[in-house]
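Engineer: The structure follows.
The values are calculated or read from the model by the stated rules, or taken from the named source; none is laboratory data. What you are looking at is a predicted structure, and each value in this text was computed from that prediction instead of being measured. Every residue, glycine as well, gets a Cβ built from its backbone with ideal geometry; the counts of neighbours run over all protein chains shown. What goes into the accessible areas is simple: the full protein's heavy atoms, side chains included, and nothing from ligands, DNA or RNA. Shrake-Rupley method; radii C 1.70, N 1.55, O 1.52, S 1.80 Å.
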Amino acid sequence: MDLSLLTRRSDTEWWIEPRPPMRVPGIIYASEGLVKEMDAKVYEQVANVAALPGIERASYAMPDAHWGYGFPIGGVAAFDADRGGVVSAGGVGFDISCGVRLLHTGLTATQFEPLAKRAADELSRSVPAGVGSVGRVHLDAAEMDAMLAGGARWAVERGYGDEADLERIEERGCMSGAKADEVSDHAKKRQRDEMGTLGSGNHYLEVQRVVQVFDPKVAAAFRLRENDIVVSIHCGSRGLGHQIGTEFLKRMAVAASQYGIDLPDRELACAPIDSPLGQSYLGAMRAAINCALANRQIITHLVRRAFASLAPEAGLTLLYDVSHNTCKVESHQLDGRLKQLFVHRKGATRAFGPGHPDLPPVFASIGQPVLIGGTMGTASYVLVGERGGLERSFGSSCHGAGRSMSRHAAVRQWRGREVVDDLARRGILVRSPSSRGVAEEAPGAYKDVTAVVDAAERAGLSRKVARLEPLVCIKG
Amino acid sequence: MTSSVVSNTWEHFAHGADIGVRGVGPSRAAAFEQAALALTAVITDAKSVRPETPVAIACDAPDDGLLLVDWLNALVYEMATRHMLFSAFVVSIEGSRLEATAWGEPVDRVRHEPAVEIKGATYTALRVERGADGAWLAQCVVDV
């Protein structure tokens, strides 16, 4: 991106000054190096979002921002329904409520090392992943609707996990306002064989080691110590969410002109929050959030069973589950008043700091964990929400490394077998059904996740707590 | 220039996080068929997919761009729900309506080694147009 297009407010805050038709400024949080690396489309997309009706304060981009669909990936924007604000299917994306959860295992690196190969094989067998995989949980019509209404709460009631898990999931594991009858039969049919499956692409199940603690006090509160073994699960709402995204993108794109919305980019497809179409999307999107939460809860159950067969002394407990493709109604201070806003986070994670009323009691005085996925060859991070984050970005932070190279280019540069062998030499076991899939996900195809989380910290969005490195990586 | 010299081809084009599919042919329908081949090629080598079982597809959209996206999304839906891959397509387009048959077979994870699942076709880089040489082009980015 050309820095001369931006106003530098600090070394991590860059403004796109508002000019018609923008209603608010664009604010990009990133280091100078990351901004320079960002593709030019990020500028265009941040500016386009800033022109949408009812947008409040600013159109934000996180340090890992890159070219998305309408919204940049790493985009955050909040809308006021009372001012004609919109909800955008493009602002949530095709993988509604894609997110990450982190589980403690109670094992140390020393205890896990002799189990690593068996763990890789057992986890790969236990968790269906990739095209052609079929989930082990099949829901009839009534149970499908119950799952869409209940989310992870439904899953726990059906025996997948514990009541204690729910406190450690955003929305306590159940998104209110979900409307199963706004979800099409096509979407439900597409989900029929996909409950408890991982998906593919950048989704993963990883066993990781805590290699470094940056904030000992918060790490202690999160029960993370160096050499602990943890498990991360990254996936979303599967076929149901993708189908909802597909269907509503078209409905909103076709209907935009009747709502008087001039779309500079069809991918920004949106509808007034208070319109029948807007309300229909919100009901379906919330159902998809529940589908993602239920899906990660079922996968957790499968992982717990796998570990029970490997290491009966292990006890997998949930640290937290965060989502990064959502639109949620939240209370925020605007001009001295508390307002209900519809906050879109597209490839961005909620990062509420200490004292936020929506935090579970265990995190109330500390701030919430923010889980940032890296690549299978580098690292992931646990961050914590910061005070002041609400004013800076409606309490949002980055979500991952972001790609630096297209899949097309990655396959030309790497062979999957070589990537797997190279990672094995470094002590990282990869299990994937596809050699080409591994090449597309090669660590070198991604940006530097450490640069991203460092920028997020300097910008005051979130603070580093611990760094995790992969030992086993299951891909689809 | 007559359209008879235009060949049927497909290719992928680069996009940051995902992948572009592009079909070229002597007619709009042919370009859509080629775009469908490009879609399969995101997942696997299309030559490895046996065109044994037909599936009928129909869709309707107010313009060519939306029709292309609908066509590709209909294929994504059929692949996901039937657990199939497709490698041969016959498309006919009349006005705003597309009718087609796609031929394929069930996914074989060993033989097809599917690289990635397609979430959906998007409106990004969406183009359906006829060039000066008479060739039709149909392309968009698909979210993986």
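Engineer: Between A:Val430, A:Val465, A:Val453, A:Val449, which is over 28 Å from A:Tyr29 (Cβ atoms), aliphatic (A, V, I, L, M) and at pLDDT 95 or above?
Structural biologist: So the residue among A:Val430, A:Val465, A:Val453, A:Val449 that is over 28 Å from A:Tyr29 (Cβ atoms), aliphatic (A, V, I, L, M) and at pLDDT 95 or above is A:Val430.
Engineer: A further question follows. Could you tell me whether the range A:103-112 includes any residue that is without any contact (Cβ under 8 Å) to a residue 40 or more places away in the chain, surrounded by 22 or more Cβ atoms within 10 Å (Cβ to Cβ) and either assigned to a helix (DSSP H, G or I) or polar (S, T, N, Q) (or both)?
Structural biologist: no
Engineer: Could you please give the count of residues in the range B:121-135 that are in a strand (DSSP E or B) and more than 9 Å from chain A (Cβ to nearest Cβ)?
Structural biologist: Adding up the residues that qualify gives 4.
Engineer: In the range A:70-84, how many are open to solvent by less than 10 Å² (accessible area, probe 1.4 Å) and not small (Gly, Ala, Ser)?
Structural biologist: 5
Engineer: Still on this structure: Taking the range A:1-19 as the search range and keeping residues that are hydrophobic (A, V, I, L, M, F, W, C) and assigned to a loop (DSSP other than H, G, I, E, B), which one is farthest from A:Tyr43 (Cα to Cα)?
Structural biologist: Only one residue fits best here, namely A:Leu6.
Engineer: Conditions first: (1) surrounded by fewer than 24 Cβ atoms within 10 Å (Cβ to Cβ); (2) over 26 Å from A:Ala451 (Cβ atoms). A:Ala89 passes all but one, so which condition is the exception?
Structural biologist: (1)
Engineer: Evaluate the range A:60-68: report whether one residue or more is of a type in the set (Phe, Trp, Tyr) and surrounded by fewer than 24 Cβ atoms within 10 Å (Cβ to Cβ).
Structural biologist: Scanning the range A:60-68, I find at least one residue that is of a type in the set (Phe, Trp, Tyr) and surrounded by fewer than 24 Cβ atoms within 10 Å (Cβ to Cβ), so the answer is yes.
Engineer: So, A:Glu386, is that one of a type in the set (D, E, K, R), in contact with a Gly (Cβ under 7 Å, 6 or more places away or on another chain), open to solvent by 10 Å² or more (accessible area, probe 1.4 Å) and closer than 30 Å to A:Arg337 by Cβ or not?
Structural biologist: Judged against the criteria, A:Glu386 is a match.
Engineer: Still on this structure: Looking only at the range A:19-31, filter to residues that are in contact with a helix residue (DSSP H, G or I) (Cβ under 8 Å, 6 or more places away or on another chain) and within 17 Å of A:Leu268 (Cβ to Cβ); which one of those is surrounded by the most Cβ atoms within 10 Å (Cβ to Cβ)?
Structural biologist: A:Gly26
Engineer: Test A:Gln258 against the stated conditions and say whether it is away from chain B (no Cβ under 14 Å), open to solvent by 10 Å² or more (accessible area, probe 1.4 Å) and part of a helix (DSSP H, G or I).
Structural biologist: So A:Gln258 does not fit the description; no.
Rundown of residues vs (1) touching a Leu at 6+ places or on another chain (Cβ under 6 Å); (2) free of Cβ contacts under 8 Å to residues at least 12 places away in the same chain; (3) among the hydroxyl-bearing types (Ser, Thr, Tyr), yes/no style:
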residue	(1), (2), (3)
B:Leu39	yes, no, no
B:Ala61	yes, no, no
B:Arg82	no, no, no
B:Thr101	no, no, yes
B:Val116	no, no, no
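Engineer: Could you say which residue among A:Asp228, A:Asp181 is farther than 22 Å from B:Ala61 by Cβ, away from chain B (no Cβ under 11 Å), open to solvent by less than 20 Å² (accessible area, probe 1.4 Å) and over 22 Å from the mean Cα position of the chain (by Cα)?
Structural biologist: A:Asp228
Engineer: Restricting to strands (runs of 3 or more DSSP E) lying wholly in the range B:1-120: which have 1 or more residues that are away from every other protein chain (no Cβ under 12 Å), surrounded by 20 or more Cβ atoms within 10 Å (Cβ to Cβ) and within 11 Å of the chain's Cα centre (by Cα)?
Structural biologist: Ranges flagged: B:9-14, B:19-25, B:84-94, B:97-106.
Engineer: Taking the condition of being within 8 Å of chain B (Cβ to nearest Cβ) and either without any contact (Cβ under 8 Å) to a residue 40 or more places away in the chain or more than 26 Å from the chain's Cα centre (by Cα) (or both), how many residues in the range A:239-255 meet it?
Structural biologist: Residues meeting the conditions: 3.
Engineer: Against the condition aliphatic (A, V, I, L, M) and within 26 Å of A:Leu293 (Cβ to Cβ), how does A:Ala78 come out, does it pass?
Structural biologist: Here the answer is yes, as A:Ala78 does meet what is asked.
Engineer: Restricting the range A:329-348 to residues that are open to solvent by 10 Å² or more (accessible area, probe 1.4 Å) and touching a Lys or Arg at 6+ places or on another chain (Cβ under 8 Å), which is farthest from A:Cys235 (Cα to Cα)?
Structural biologist: Result: A:Leu334.
Engineer: Would a scan of the range A:129-140 turn up a residue that is among the aliphatic types (A, V, I, L, M), surrounded by fewer than 20 Cβ atoms within 10 Å (Cβ to Cβ) and part of a helix (DSSP H, G or I)?
Structural biologist: No, the range A:129-140 has no match at all.
Engineer: Show me the strands (runs of 3 or more DSSP E) found entirely inside the range A:361-476 where at least 1 residues are touching a Cys at 6+ places or on another chain (Cβ under 8 Å) and within 14 Å of chain B (Cβ to nearest Cβ).
Structural biologist: It comes to A:429-431.
Engineer: Can you tell me which residue is farthest from B:Leu85 (Cα to Cα) among those in the range A:110-157 that are hydrophobic (A, V, I, L, M, F, W, C) and over 25 Å from the mean Cα position of the chain (by Cα)?
Structural biologist: A:Phe112
Engineer: Give the residues of the range A:32-42 that are open to solvent by 20 Å² or more (accessible area, probe 1.4 Å) and either part of a strand (DSSP E or B) or away from every other protein chain (no Cβ under 14 Å) (or both), sorted by residue number.
Structural biologist: Selection gives A:Glu32, A:Gly33, A:Lys36.
Engineer: Another question, if that's okay. With the structure loaded, tell me whether A:Pro53 is open to solvent by 50 Å² or more (accessible area, probe 1.4 Å), not in a strand (DSSP E or B) and not small (Gly, Ala, Ser) or whether it fails that test.
Structural biologist: no
Engineer: Still on this model: Which count do you get for residues in the range A:43-60 that are in contact with a Phe, Trp or Tyr (Cβ under 7 Å, 6 or more places away or on another chain) and within 14 Å of another protein chain (Cβ to nearest Cβ)?
Structural biologist: Residues meeting the conditions: 1.
Engineer: Condition check: more than 10 Å from chain B (Cβ to nearest Cβ), surrounded by fewer than 24 Cβ atoms within 10 Å (Cβ to Cβ) and in a strand (DSSP E or B). Does A:Val211 satisfy that?
Structural biologist: yes
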